[in-house]
Amino acid sequence: MSLLPVEQAQARLLSTARPIIDVEHLPLHACDGRVLASDLEARLTQPPFDASAMDGYALKAANAADPGAVLRVVGGSAAGHAFAGVVSDGEAVRIFTGAPVPEGTDAVLLQEDAEKLDGGLIRTTFPVTVGRHIRPRGQDFRQGDIALTANTAVDFTRITLAAAMNHASLPVYRRPRVAIIATGDELVSPGNQPGPSQIIGSNTFGIAALARAIGADIIDLGIVADDRDMITDAIVKAQTAKADVVVTLGGASVGDHDLVQSTFLAAGMTLDFWKIAMRPGKPLMVGSLGETHVLGLPGNPVSSMVCGLLFLEPLLAKLGHRPAHNRMTMARLAAPLAANDQRQDYLRASLCRGPAGELQVKSFGKQDSSMMNIFAQSDCLIVRPPHAPELASGELCPILTLRPFSG
């Protein structure tokens, strides 16, 4: 099987992805980060009455068009405690923010623009106009308005709006379920003492964090030895858990000890493609087990993370009704780059600001795919297309950002 270009591999993977249609109805407090499955109508009008926007005095604007008008205060209106009567000419009502505007009034005079007189009277010191400092009924939304639409990602602002619309629960799409299987006799979990030929298995945690950030639920199936029966058992567990995506870490090549691909094929996987024209991350496996996507990532940590960014993240975004996370931008080289070969290269790099504030990027000298320390220090990956020519300092090049840069 020939090496597949990255863009073609991404397109083929996403062409088979179908957004999840399962809907859950969850209480508001559980909806942060979820995606609405249907339009949301307001169940009431907000505000439900003309309300004061400030502390002051409710009055008829025609009675106080010019400063110096004297009015009698005949009562008060506070939030939750409306004035019960009707205000007549020459009268005013003490009012507080959020309180209903009394019948017979059409403006609010700020409290600092009123001079208190004896006998329950006030004198205006500022002109008043109709509607001043009043929030009209329905200013925010009216009953029946669709204020939130399907496929909207719910955050703290939208939860607040949904609550104000009188919704105690929301219809949201189920999160994509991602089962992660780390394979290899050489792996032990963090916190354990590795044997003479073993290393710590770290990839699971990075891939899980990446998947959670795009809204997935994680099914961690742990470390599985290089054993066909144990891999088969993990596949069954993933299927029993109804995983939408099974991610394997390591063992997807075809060496004597690489059993993942052959075991998945024996379990019924349809192999779509294998081996990508990229570095790091060439031994990427993509297939399907029925409706379940299978993504076999390389065992080297950096290769695994880069493939996760390029393939797992957009896959989960599509399954979860989310817009693709555009990590690509341009930066100027702070140091020259050599010409590239036939594989698309992703170079770990740091960002800084140039003398004029322009974004500058510089590749790290070492790029071995096992070196996580450099990856953790990186702000981005420089993207070098196949057969890209040599670039001089100061030239623009595409980068894939790993995190927001505030420098």
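The values are calculated or read from the model by the stated rules, or taken from the named source; none is laboratory data. Note that this is a predicted model, so its numbers are computed, not measured. Please note: Cβ atoms are built from the backbone with ideal geometry, for glycine as well, and neighbour counts cover all protein chains shown.
Figures for the structure shown
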| quantity | calculated |
| --- | --- |
| Selection within region 188-203 - out of contact with any helix residue (DSSP H, G or I) (no Cβ under 9 Å at 6 or more places or on another chain) and crowded, with 23+ Cβ neighbours inside 10 Å | G201 |
| Residues satisfying the stated conditions in region 71-95, i.e. surrounded by fewer than 16 Cβ atoms within 10 Å (Cβ to Cβ) and touching a Ser or Thr at 6+ places or on another chain (Cβ under 8 Å) | A79 |
| So G206, is it in contact with a helix residue (DSSP H, G or I) (Cβ under 9 Å, 6 or more places away or on another chain), modelled with pLDDT of 95 or more and part of a helix (DSSP H, G or I) | yes |
| Cross-chain or 6+ apart pairs with Cβ under 7 Å, region 46-68 first and closer than 12 Å to R132 by Cα, then acidic (D, E) and crowded, with 17+ Cβ neighbours inside 10 Å | K60/D106; A61/D106 |
| Scan of region 106-162 for residues that are closer than 23 Å to L36 by Cβ and not in a loop (DSSP other than H, G, I, E, B), ordered by number | F141, I146, A147, L148, A153, F156, T157, R158, I159, T160, L161, A162 |
| Residues of region 160-203 that turn out to be within 29 Å of the chain's Cα centre (by Cα) and in contact (Cβ under 8 Å) with a residue 60 or more places away in the chain, as a count | 23 |
| Number of the condition not met by E313 [criteria: (1) outside the structural domain of I218 (by TED's automatic domain parsing); (2) closer than 30 Å to G250 by Cα; (3) modelled with pLDDT of 95 or more] | (1) |
| Looking only at region 11-38, and only at residues there that are within 19 Å of A216 (Cα to Cα) and out of contact with any strand residue (DSSP E or B) (no Cβ under 9 Å at 6 or more places or on another chain), the one that is surrounded by the most Cβ atoms within 10 Å (Cβ to Cβ) | L14 |
